[in-house]
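Visitor: Submitted below is the structure of interest, expressed as structure tokens.
Nothing in this text is a laboratory measurement; each read-out follows from the coordinates by a stated rule. Since this is a predicted model, take the numbers as computed values, not measurements. Backbone-built Cβ (ideal geometry, glycine too); neighbour counts: all protein chains shown.
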Amino acid sequence: MNAEIPNNLKHTLKELRVRKGWSRQQAAEEFGVTERTINNWEKNPSALSYEKIKQVASVYDIPVNYIFFGPNI
């Protein structure tokens, strides 16, 4: 992903996971990735491709814009 990553994106990813009540391992199973990948996404969200961002939005049942801008859109 080449676009500038909002500073709050990593907090948003963790917040969404925690709201679901999921551990990193549970999220990894849901997304079909390793726990380390979930950890990397939360620490460095620029590692997410747009396709993965769409998957995150789908799994958490939120609009893609929420991931970038939060509920204030």
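Visitor: Multiply the residue gap between V59 and E35 by 0.36 nm, knock off their C-alpha separation, and tell me the result in nm, one decimal place.
Guide: This chain segment gains 7.0 nm when fully extended.
Visitor: A further question follows. Tally Lys/Arg at +1 and Asp/Glu at -1 over every other residue whose Cβ is under 15 Å from the Cβ of A28; what's the total?
Guide: Overall, the nearby charge balance is +3.
Visitor: Evaluate the relative contact order of segment 9-60 (contact order divided by residue number), counting alpha-carbon pairs under 8 angstrom at least 6 apart; express in whole percent.
Guide: Taking the mean separation of contacting Cα pairs over the length of segment 9-60, I get 38 percent.
Visitor: When averaged across all projection directions, what area in nm² does the alpha-carbon convex hull of segment 9-60 cover?
Guide: 3.0 nm²
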